[in-house]
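The values are calculated or read from the model by the stated rules, or taken from the named source; none is laboratory data. Given the structure is predicted, the values throughout are model-derived calculations rather than measurements. Here Cβ is always computed from backbone atoms with ideal geometry, including for glycine, and neighbour counts include all displayed protein chains. Each accessible area value is taken on the protein alone, full model and side chains, heavy atoms only, with ligands, DNA and RNA left out. Shrake-Rupley method; radii C 1.70, N 1.55, O 1.52, S 1.80 Å.
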Amino acid sequence: MAERAPRRVAVVAGGVAGLAAAVNLLDRAAAAGLDLRVTVFEKGTDPGGNLQTLREGPWQLEWGPNGFLNSEPATLRLVCRLGLDGELLPSSDATRHRFLLIDGRLQEIPTSPKAFLKSKLMPTGAKLRLAGELLVPPRKDLGRAAEDPATDETVDAFGRRRLGAAFAEIMLDPMVKGVFGGNSRKLSLAAAFPRMVELERDHGGLFKAMAALARRRRREGKAGTDAGPSGVLTSFNRGMGQLIDGLVHALATDPRAELRTGAAVSRVTFAGGAWHVAGHDFDRGPYDAVIDAAPAHAAAVQLREVSPVLHENLVRIPFAPMAVIALGFDRAAVKHDLQGFGLLIPSREQRELLGVLWTSSIFARRAPEGRVLLTCMAGGADNPGVLELDDEALVGVTLSELRPLLGIKGTPEMVRIIRHQRAIAQYVPGHLARLAALDRELARHPGLFLTGASYRGISVNSCCKEAEAVADRVVAHLAAAGGRASLEAM
Ligand SMILES: Cc1cc2nc3c(=O)[nH]c(=O)nc-3n(C[C@H](O)[C@H](O)[C@H](O)COP(=O)(O)OP(=O)(O)OC[C@H]3O[C@@H](n4cnc5c(N)ncnc54)[C@H](O)[C@@H]3O)c2cc1C
């Protein structure tokens, strides 16, 4: 009797989502006693996607994410698995101070309801309307957006309904720009911020939810000792790229794994009872399963032959562009004390910038001694034209907006511009219904899986959480399928 050949899985794309899925899959297969081979196909010359830490002389910059909240167990499990727990770098306490641009002036965002009432963030009438949230009844159709897209409320509509128009414009609009580079009037609350829907559904309102959660924390003896529900922004001593280095090392030292860079996948197909993965100079297979972890726009192209339904749904997930302008200054050139996380800019201020991170105040060792590093974001879903500006014009616009806000004199010592043409997936209304349609179609193609920031959360944390879930599903598929493709390959 022929000895059973190992099961084979292809992972398309080596961003954090694909790499984490590969490592989780290898671990789970070993635990389940499955003999497995995993190949990751990454288009770039380096793996990691948006997670890359750059060095500009003594400056340390991030290509994409600056950090993650330390509240997602899946990320922390991965960090420990990779032996990186000793390398975690929490943000400084100063990051509690966050600022908004209101009528051309920086205002600190209050962190307690009492401070909020005292603040100059919004007029008294708007504060009263905010307090009235307690009286707003919950919607009856919460949690149905996947089945009934007509109930899929935008972030802005939710804000206006529960918290008032001023809060929606002053707080929610810039928050959505800061997180998604998106427009709060065009993003689905249920898809982008599912927790908000849960809080309204389970507690009847946000203030009621806050009170209930505070009571629970007190009961559990956690009051005042934890960092709140959202956790502490965290990176690594050598930047976010360290997570990728850890993942790559785990694959490189595992004889069951292969990581191919410079391998752009253009086609995934199913033929002869197995999956195949091809690019312009390679055609590999058979595979028992394929995890497509490329952004939805790329997966749409790769999966066109497998299913027009997948293609149609994937191609309709829009992405917002974003320019990152990193500026390094002599400390003395910036008058503002920069004691804080940074600033966000509501749309009604009509600026080109979306926001600015005071990076060297957030994390240690990002700027050389006596210097400060600012990371400015421009563009976003509503302002794609900014990315067309040449470097000089982009820096000019950035400086003209920043100088009066932070009291900047002179020119930056270091400038680095990164243009993300398709930075962040936009979870528009109908996104959850689209995911349901994708799931129905994937069920017709056993062995094909989608993961990554295009679907169930744009953050690094979401990618890590989904990487565990997809690894579980692949192992279950392999256990059920019995390794047919691998046997046929013999
Ligand atoms: C400017 C910016 C700031 C951000 N800040 C934060 C933050 O502070 N915190 C946070 O949690 N998240 C942040 N994010 C989001 C974060 O970057 C994503 O969560 C994460 O990078 C998504 O990982 P991914 O693997 O799904 O996709 P990506 O990082 O986009 O990786 C996709 C990979 O697919 C590869 N690929 C594409 N096409 C093909 C192909 N045809 N064949 C093979 N490979 C292919 C690409 O080369 C890439 O390596 C930010 C994003 C941006 C753009």
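Relative to the longest principal axis of the Cα atoms of the chain, the long axis of helix 460-481 lies at roughly 20 degrees. As a length-normalised measure over Cα pairs under 8 Å and 6 or more apart, the relative contact order of the chain settles at 26 percent. Taking the C-alpha atoms only, the angle from helix 391-406 to the longest principal axis of the chain is near 40 degrees. Restriction of the GluC sites (Glu not before Pro) in the stretch 191-223 to DSSP coil positions whose beta-carbon has at most 14 other beta-carbons within 10 angstrom yields E220. Pairwise Cα separations in the stretch 345-490 fall into 10 Å bins from 0 onward with the following percentages, short to long: 8, 26, 25, 18, 14, 8, 2. Equivalent-ellipsoid semi-axes for the chain (Cα gyration tensor, √(5λ), whole Å, largest first): 40, 27, 22. The relative contact order of the stretch 267-316, computed from alpha carbon pairs under 8 Å that lie at least 6 residues apart in sequence, is 32 percent.
Helix 194-203 and the longest principal axis of the C-alpha atoms of the chain enclose an angle of approximately 70°.
Per residue, the accessible area of the chain comes to 44 Å², computed with a 1.4 Å probe over protein heavy atoms only.
According to the Cα-based calculation, Rg over Rh for the stretch 141-182 is 1.05, with Rh computed by the Kirkwood formula.
With all pairs of different C-alpha atoms in the average, the Kirkwood value for the hydrodynamic radius of the stretch 290-363 is 16.3 Å. Both radii are taken from the alpha-carbon atoms of the stretch 414-478; with Rh as the Kirkwood radius, Rg/Rh is 1.09. Considering only the Cα atoms of the stretch 202-315, their convex hull presents on average a projected area of 13.2 nm². In the stretch 103-225, Rg over Rh equals 0.98, where Rg is the alpha-carbon radius of gyration and Rh the Kirkwood radius from pairwise Cα distances. Take every Cα pair under 8 Å whose residues are at least 6 apart in sequence, average their separation, divide by the length of the stretch 127-262, and the relative contact order is 21 percent.
Each of G48, Q302, P412 was scored by the projection of its Cα onto the charge dipole of the chain, and the greatest displacement toward the positive side belongs to P412; charges sit on the C-beta of Lys, Arg, Asp and Glu.
One equal scatterer on each Cα of the stretch 45-120, no solvent, Debye formula: the resulting log10 I(q)/I(0) at q = 0.11, 0.15, 0.20, 0.27 Å⁻¹ is -0.52, -0.83, -1.06, -1.30.
The reciprocal of the average 1/r between distinct C-alpha atoms defines the Kirkwood hydrodynamic radius, which for the stretch 1-133 equals 19.8 Å.
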